[in-house]
Amino acid sequence: MEHRGLDTYGYFEREGSLGQVQTAFRPVVAAARERIGDAYGRRLHSAYLYGSVPRGTARPGRSDLDLLIALHHEPGGEDRDTTEALARGLDEEFPEIDGVGVLLYGKDRLLSEQERYDLGWFLAVLCTPLLGADLAEHLPRYRPDSLLARETNGDLAELLPGVRERIRAAATPEDYRKLCRGVSRHLVRTGFTLVMPRWGGWTSDLTESAEVFGQYYPERAEQMRAAAAAALDPVADPAVLRAYVEDLGPWLADEYTARHGAKTPRPAG
């Protein structure tokens, strides 16, 4: 049987590991580990890598470094300032990476019932422990089912108005490229999780995700392949972004809600 990111019992295997980090990225990963510990001190519970670097598929000078940081308490303004300075310093010092993205949460939220099938699943399956005690030990095993699909990406309809605002506010080619990369990634991942329960597995590879989606929606396959390509090599073309929010995005949101339902609302703040 084709390996689809599952163990013999049908549960997701954790993807990525420190052993898969390519030689070019080991210095920045080591620096991130040291600086996170120094920056947060006793506030820190644990830190994780996710994305292409721990999967061993990162491209020097093209890929970003993705981090998740869990604090003992809910983050405040000082914590966010620390995160911004940490990300900026790593990005400026290491040319091997093209940007640093940091997710910052309190450990109680990551382990909460309301986040069990969203942030909890994300940490347990897609994040590689970097520093501190692994919170995944307190989380369940996960399967590729409709509940997981709903709680991970069932909020596209809610997010689209904000994406439209960001597109209207974009002013430079770099603004458009950043939006193109982020929005393209989100659409491809949403397209994949739409069909994930039927396919019965997991992949974080955007090209493969688009191909899997196309097996179930051949009439939209070319659009999703183009989105996967744009996620890897973003373009500064406003027309690409407009097509996302005027055609592919609204269709995908409607189809997602019809098949899996809308994501459970989260409390404000």
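The values are calculated or read from the model by the stated rules, or taken from the named source; none is laboratory data. Because the structure is a prediction, the values reported are computed rather than measured. Using ideal geometry, Cβ is built from the backbone for each residue, glycine included, and neighbour counts are taken over all protein chains shown. For accessibility, only protein heavy atoms count, side chains too; no ligands or nucleic acids. Shrake-Rupley method; radii C 1.70, N 1.55, O 1.52, S 1.80 Å.
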Under 5 Å between amide hydrogens, which residues at least 5 positions from GLY106 or on another chain qualify, with H placed 1.01 Å from N in the peptide plane?
LEU71
Mind checking the dipole of the stretch 130-269: about its Cα centre, +1 per Lys or Arg Cβ, -1 per Asp or Glu Cβ, Debye to the nearest 20?
220 debye
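Fully extended, how many nm does the chain gain between GLU165 and ARG143 (0.36 nm per residue separation, minus their Cα-Cα distance)?
Between GLU165 and ARG143, full extension yields 4.4 nm more.
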Provide the per-residue ³J(HN,Hα) series for the stretch 211-218, in order, calculated from phi with Karplus coefficients 6.51, -1.76, 1.60 and θ = phi - 60°, each as a whole number of Hz, with x at glycine and proline positions.
5, 4, 4, x, 5, 9, 9, x
Accessible-area composition of the stretch 189-269, carbon plus sulfur, in percent [1.4 Å probe]
53 percent
Which order do the peptides 31-44, 164-177 come out in when sorted by mean C-beta neighbours inside 10 angstrom, highest first?
31-44, 164-177
The chain - accessible surface per residue (Å², probe 1.4 Å):
48 Å²
Which value, in debye to the nearest 20, describes the size of the charge dipole of the chain about its Cα centre when Lys and Arg Cβ atoms bear +1, Asp and Glu Cβ atoms bear -1, and nothing else is charged?
220 debye
Burial ranking of peptide ranges 8-20, 205-217, 79-91 (average Cβ count within 10 Å, highest at the top):
205-217, 79-91, 8-20
Which percent of Cα-Cα pairs in the chain sits in each 5 Å bin, short to long?
1, 6, 12, 15, 18, 19, 16, 9, 3, 0, 0
A correct Stokes-Einstein calculation for the stretch 109-228, using the alpha-carbon Kirkwood radius, 25 °C and 0.890 mPa s, returns a whole-number D in µm² s⁻¹ of 155 µm²/s
Length-normalised contact order of the chain in % [C-alpha pairs under 8 Å, at least 6 apart]:
19 percent
Let's see if you can work this out: charge +1 on each Lys and Arg Cβ, -1 on each Asp and Glu Cβ, no other charges. What is the dipole magnitude of the stretch 61-208 about its Cα centre, in debye to the nearest 20?
720 debye
From most to least accessible, 1.4 Å probe, no ligand or DNA/RNA atoms counted, HIS72, HIS45 line up as HIS72, HIS45
